[in-house]
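What follows is a single structure, written as structure tokens, with notes after it.
Quick note: the coordinates plus some simple rules give every number you see, no bench work behind them. Keep in mind that what you see is a predicted model, and the values were worked out from it rather than measured. When we count neighbours, we look across all protein chains shown, and the Cβ atoms used for this are built from the backbone with ideal geometry, even at glycine.
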């Protein structure tokens, strides 16, 4: 077997494992013959182990040969020449994607083993693992994406599974509301992403990162764009990254994501999907290099988010919100590092942070026991006000800071009041206008649905 | 909506400041005098309402109690009704869950009919028209599920399914044939031809039907066509019958709160707005040291802290815009929180007589947090940050202030402008649609289904007069879903009760005789998890004897271990300990102890720093660098939990306190206190404790050479409810130190001398040994083995070998309940399995705790020894022959046992029947907050109660006490003790007594003891427990476990299967 065949085989294996897993779990449910808990767990374990082994094998091969760039072509998924439309599926293995890929496999795999026991006997066990498979596939595709449309595909899969997992307990209202909120933030990010992708195609004629950034492997490479184009497209991409990573002003969704079962909160929001924005920025880093303004925007956005989250985390009294904002602090810093032109440091930062945060989130329910143990070790109640700086600020300032953090920077309120409200009001107005017109035209009751009595108003026998 | 543009305009106008806001006082000028008069009565109203709030304190010391404690004054079923009305909770399991129990034999048809007859009394034979008796009607309603739904659903069901074409599957063929036959007669005789012309009603009834069925070939119709025709006709008859009947008077839902009315009238739900702020604020206010910044002005109380936080703010949210101004106005007017509360009530138009109801409903809108505030204010002086007195009042004042602002905003959104808040309720009540109408389709469909089950033909129903129809519908509606579930519940309880009492009656005759000279004696807690342990121990070593007393063994103390930072109370929650006990490392090891304590302190500080710093800006940077190292514990913890914990333990051994310690147990100075010299007990106090416990146990003679006293507790990971798994008699603490202290006292020769004066002679050759049983990993640790006399080492070796074997078997029996444990596990494998569970981060069910508890036996072990109770029975030792005429000992035992066991049983009952409202829902999204409790997700109400994972296998039954005493003696105890009387009289628990002399049973029913008629005398007999429970996950029936040749007149063991078990 030649080197090329082995590489291709490993490459296909990496991507096919989660795809087959998803197909297996999904089709079994579609066919009305869902797998048992045991076989679901076995299938998941097999897929993750195989994928992880292939990824590590790929890394080993690349290290041995000293290759820094291995593309795997799947060709055009959709191709309509008349419309100048193509959807080009291509995966690349390089210094950015391989570490991210191995990280995804390792964390998702561990959490899969965890969830298998944690969700034992749970009604939604199969649903959870179905979303899990979607998430894994999304993460793998997004890490390896070689074209912007491939990245978008992975990005969407992650977004979809994340929103569904937040709304996992769909018999209660809060998870559904919060899931929907996250979904809408993701839509905004997706729209920005999509426009950026189209603009990129428009500017360069294709979405291939290799073509876009010259031939040099990551993080070398130079984007074939003008500075102006880079700024425009870059800003859109930054907006997309901000939505996905919960940077300001979208930060409000991160604590809301804690509605799902502990393992999914841990790996998905605490560790992986929150870093997806950073991954995007790293992937398109040659564009950042082109425009100083753009880099500055990224730095400012990252630092502002980090500062905001570092303040907010201090007033959180519940462990999961605290961890969510702690994550956000680091994601902000990572973003700033990227803006400063660093490449490997943010990557290392992501890996370290993701591992640590996953462990902390998985252990979150053990907090009381941990605190008790620490108390016993220290021999006294734990110091409550563990904050060296707060003391130096004037009281008024401290109160202001406390309120700012307590209100979580007012970002959610601001979005509600100045974006969502006018939006809803506009559509209410349209609705009212329509009702008026239909009433006028039909010369009577405009809408039959007005007469329907809500089901909950009737009592069962 | 009156005008299409109004809503948009209001939304826009909201932002302009000149719109007068009826929530603020500026415009309407209510003066202080008009509400000041209410102020003095308010604290009392709030205190009353607070009784309705959950009474669970901080989760770190979890105490089981009756979830509906507020209604304990009422009889059980009435209390359930009141509870449903107050909390909107379910009183019983759902009907189909009971039906499932019926299908798998946990309820038998004879239980249902017996309960129904008993329930109806003389009314059972009342005739409903000519359609049979009330009993028959109700039985039919119980046996077959009646479908119902909304009107739209009903219409769909009739039109789209085969409901009018085929009889329901459950209808017996002969009933179908009868209905069809009668219909044929009726049709051929009356409906076709001349009969119709004579009766216009009949004509209307059959209109179009014959055409639809092509009646010209009526004589050649096949049976299916006739069935379809019969059902169509039946449906028409039912519809015309119930048409025009008056609606049953129905209790309207109490809607005292403006919010409920606003929501019902189509307005926005203001609770999420207000709750969002209050959840976060309560979390910060009650925080026990988690957040890095404490809430400013927290020490000045809830109101002050809130006012300071928002007085200078400029909120963005529309409904909160007026908050700062309003806070400043209240401050300028010099109103106290209580006065502000009174003012809010006045502004909201709540009249004085309604205050309590309104306050209660308002508090229940965020009941978990309000309850925690109340607990922290009244009952938590031992916590790091208790809440100041008056916190709940101040919370309510803040809440009503916010509600006022939110209501004003919500009103505007609904298009209600220009009215005062005080008028809002009246205005909304007139707007809200009153659903007081009887649904013809739903009523008709109920009768339609019943007619099939009971074999009523259309002709019979057609002849009913309107009055008879009214009676029929009334009868059906009277036996509502709740009533049917009540009957099911009673039948469920009856089945288990009869099985239990029959088993006791049968087993008493064949229980093996206790050993004459026991080789060792083993004393445990009364906890039902020790039942199997004792049984296995007695199987392994027939020459041993076991006893049980409440697991603090009379030693009520504040205890501090050698490695503990603080004192914790180890005694039932109703007892306030006076004594302090400290564990100390022996003198020769104190240097090493100090060194290790210092190391622990350094490590502890470092890891606490890391823990908090990893969430900060710069600390997090560092954490990210060492982060990849976290992947190691992450992966090993999840994939190899047992191995990882073993490794961690062996490393930890270097910093743990040295293994040889002693209790500072003897007090030399008065009064008792935590300082050296004042700690511990005086010798007479010790003697009193020892004598009392031995007397309670009935262990006053025949002491063996070794007596082991074992407290219990449970350890598990990733489990915020860990404390709930510990010993209930130690307020959710671990009972090891109590057992150790008791053994220590009983070994003291001065104590023994005093005990001898009390009439109990402990031989000098008897040695007591303390131990700790971990019910999660089934480990057993002995205390003070270094003080074991050389002469007793051989005894200990034997006993510990038996105990080792017993804990393996115990783990094996427990594993049968865990789906993830293979049936083929050996006892050693089972031990490994339960050890893994205890150390597994991902394990949501480390053990099943008190789940399945259903029984409490109080009496000598002699008659329960060898009875397989399936870990469902609390066992309390008591020897009536050693009690005095006033039953002093029994009263002493019961005044602890009945409330504690009832609390556990009822908490499990309510958490099981309504896990969402009365329990704490699923464990999976739980989020520890303020180090006090759990929320679901990032912002929800605090969730008291038990989780779905804890109660899923529980059968919600009221606990049945079987007490070895005479009915007269028990009656006298009921007279004397108020708490016991209330629980028993109001039927929160079930009670039976077994006569010490003749094994005759009486059970307590309707206020008196009645002789119990044994149902069945058959009780399976097997040699070993494992022969009975092997290969079966579900609940098991009773059985006698009698080793060969040890039964008194017992028949040879047979292989009878447990009911429902596969052979």
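Using a simple spin-label model with pseudo-atoms 7 Å out from Cα toward Cβ, residue B:466 and residue B:805 lie 8.2 nm apart.
Normalised by the number of residues in chain B, the average gap of Cα pairs under 8 Å and 6 or more apart makes the relative contact order 16 percent. Within region A:3-364, DSSP assigns beta bridges of which about 100% are antiparallel (rounded to the nearest 5). If one computes the Cα centroid of region A:92-126 and of region A:286-321, what distance in Å separates the two points? Going from one Cα centre to the other spans 26 Å. Listed by Cβ neighbour count within 10 Å, with the fewest neighbours leading, B:156, B:469 appear as B:156, B:469.
Once every DSSP H run of n ≥ 4 in chain A is given -39500 (n - 2.57) and the sum is divided by its residues, what mean residue ellipticity at 222 nm do you get, rounded to the nearest 500 deg cm²/dmol? Don't jump to the answer; show the numbers that get you there.
Numbers: 18 runs with 303 residues, N = 461.
The per-residue figure over chain A is -22000 deg cm²/dmol.
Would you mind classifying chain B by shape? Square roots of the alpha carbon gyration tensor eigenvalues, ordered a ≥ b ≥ c; an a/c under 1.5 is rounded, otherwise it is prolate if a/b is larger than b/c and oblate if not. Judged from the Cα gyration tensor, chain B comes out oblate (a/c at least 1.5, b/c at or above a/b). Peptide A:111-124 is shielded by partner chain Cβ atoms: per residue, an average of 5 of them sit within 10 Å of its Cβ. Using a cutoff of 8 angstrom between alpha carbon atoms and counting only pairs six or more residues apart, the relative contact order for region A:211-270 works out to 15 percent. With contacts taken as Cα pairs under 8 Å at a separation of at least 6 residues, region A:3-364 carries a relative contact order of 14 percent.
Stretched out straight at 0.36 nm per residue, the stretch from residue B:103 to residue B:607 would grow longer than its current Cα-Cα span by 175.9 nm. If R0 is 60 Å, the Cβ-Cβ spacing of residue B:218 and residue B:48 corresponds to a FRET efficiency of close to 0.30.
What value, in deg cm²/dmol to 500, does the helix sum -39500 (n - 2.57) over DSSP H runs of n ≥ 4 give at 222 nm once divided by the residues of chain B? Could the numbers behind the result be given before it?
Numbers: 40 runs with 492 residues, N = 1063.
About -14500 deg cm²/dmol.
Residues B:168, A:90, B:466 in ascending order of nearby Cβ atoms (within 10 Å, fewest first): B:466, B:168, A:90.
So how much slack lies between residue B:73 and residue B:985, counting 0.36 nm per residue of separation and subtracting their Cα-Cα distance, in nm? Provide the component values of the computation, followed by the final result.
Working: separation 912, 0.36 × 912 = 328.32 nm, distance 0.97 nm.
Between residue B:73 and residue B:985, full extension yields 327.3 nm more.
Figure the gain on full extension for residue B:332 and residue B:787 (residue separation times 0.36 nm, minus the Cα-Cα span) and round it to one decimal in nm.
Working: separation 455, 0.36 × 455 = 163.80 nm, distance 7.11 nm.
Working it through step by step, the gained length comes to 156.7 nm.
Shape verdict for region A:3-364, please, from the Cα gyration tensor: rounded (a/c under 1.5), prolate (a/b greater than b/c) or oblate. It comes out oblate by the Cα gyration axes.
Label region B:592-652 by shape, choosing from rounded, prolate and oblate, from the square roots a ≥ b ≥ c of the eigenvalues of the Cα gyration tensor; if a/c is under 1.5 it is rounded, and otherwise prolate applies when a/b is larger than b/c, oblate when it is not. Before the final figure, lay out each step's value.
Numbers: a/c = 3.28, a/b = 1.08, b/c = 3.03.
Oblate shape, in that a/c is at least 1.5 and b/c is the bigger or equal ratio.
Just the number, please: percent antiparallel of the DSSP beta bridges in the protein assembly as shown, rounded to the nearest 5. Present the calculation step by step, with values, prior to reporting the outcome.
Working: 38 of 75 bridges.
Of the beta bridges lying entirely in the protein assembly as shown, close to 50 percent run antiparallel.
A crude spin-label estimate for the pair residue A:39 and residue B:886, with each label 7 Å from Cα along the Cβ direction, gives 7.1 nm.
The mean number of Cβ atoms from other chains found within 10 Å of a Cβ in peptide B:929-936 is 5, as a whole number. Computed from the Cβ-Cβ distance with R0 of 56 Å, the FRET efficiency linking residue B:264 to residue B:998 stands at 0.35.
For the pair residue B:41 and residue B:426, what calculated FRET efficiency results from E = 1/(1 + (r/R0)^6), where r is the Cβ-Cβ distance and R0 = 22 Å, to the nearest 0.05? Spell out each step's value before the answer.
Details: r = 24 Å, r/R0 = 1.07.
It comes out at approximately 0.40.
Per-residue Cβ neighbour counts within 10 Å put B:174, A:73 in the sequence B:174, A:73, beginning with the fewest.
If we sort A:93-105, A:51-63, B:647-659 on the protection proxy, mean other Cβ atoms within 10 Å, highest first, what's the order? Display every interim value, and only then the final one.
On the way: A:93-105: 23.2, A:51-63: 18.5, B:647-659: 12.4.
Highest mean packing first, the order is A:93-105, A:51-63, B:647-659.
Take each residue of peptide A:399-412, count the partner chain Cβ atoms within 10 Å of its Cβ, and average: the result is 4.
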